[in-house]
1. Got a number for residues in the stretch 39-82 being outside any helix (DSSP H, G or I), among the β-branched types (Val, Ile, Thr) and more than 14 Å from residue 26 (Cα to Cα)?
2. Could you look through the stretch 25-51, keep only residues that are within 11 Å of residue 86 (Cβ to Cβ) and under 15 Å from the mean Cα position of the chain (by Cα), and pick out the one that is most open to solvent (accessible area, probe 1.4 Å)?
3. Restricting the first residue to the stretch 50-75 and requiring it to be on the phi > 0 side of the Ramachandran plot, which pairs with a second residue that is open to solvent by 80 Å² or more (accessible area, probe 1.4 Å) meet a Cβ separation below 7 Å and a spacing of at least six or different chains?
4. Restricting to the stretch 73-85, what's the tally of residues that are loosely packed, with under 15 Cβ neighbours inside 10 Å and within 13 Å of the chain's Cα centre (by Cα)?
Amino acid sequence: MATIEKTKERTSTKEAVAINNEIVLFNDDVNTFDHVIETLIRVCKHDELQAEQCALLVHYKGKCTVKTGSLDELKPQCSSLLEAGLSAEII
């Protein structure tokens with residue numbers, strides 16, 4: 001007579017739900033590419049290539065997400081972008 005063993009595994013499926021917000025930078029007719037790039041490097045800690053790509057996307061597409069993270073992280077960065085004369089908002 002054969003014995004069949006059944007084992008029941010208990011698994012926990014906890015999902016880490018992080019609410020990420022985004023800083024969206026909008027195009028304007030005032031700021032130069034150099035100013036936008038320099039500001040993204042200084043404020044958002046982008047490298048030069050990333051900042052340049054974001055500036056191009058903003059120019060051609062009208063907007064670009066430049067940073068994601070928690071609201072507490074993004075508020076001071078968005079404020080700094082606004083103080084530098086850029087058009088940005090947290091969504």
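1. 1
2. 26
3. Listed pairs, sorted by first residue: 69/20.
4. The number of residues fulfilling the criteria is 2.
The values are calculated or read from the model by the stated rules, or taken from the named source; none is laboratory data. All of these numbers come straight from a predicted model, not from anything done at the bench. Neighbour counts are summed over all protein chains in view; Cβ atoms, including those assigned to glycine, are modelled from backbone coordinates with ideal geometry. In case anyone asks, the SASA skips ligands and DNA or RNA and just uses the protein heavy atoms, side chains included. Shrake-Rupley method; radii C 1.70, N 1.55, O 1.52, S 1.80 Å.
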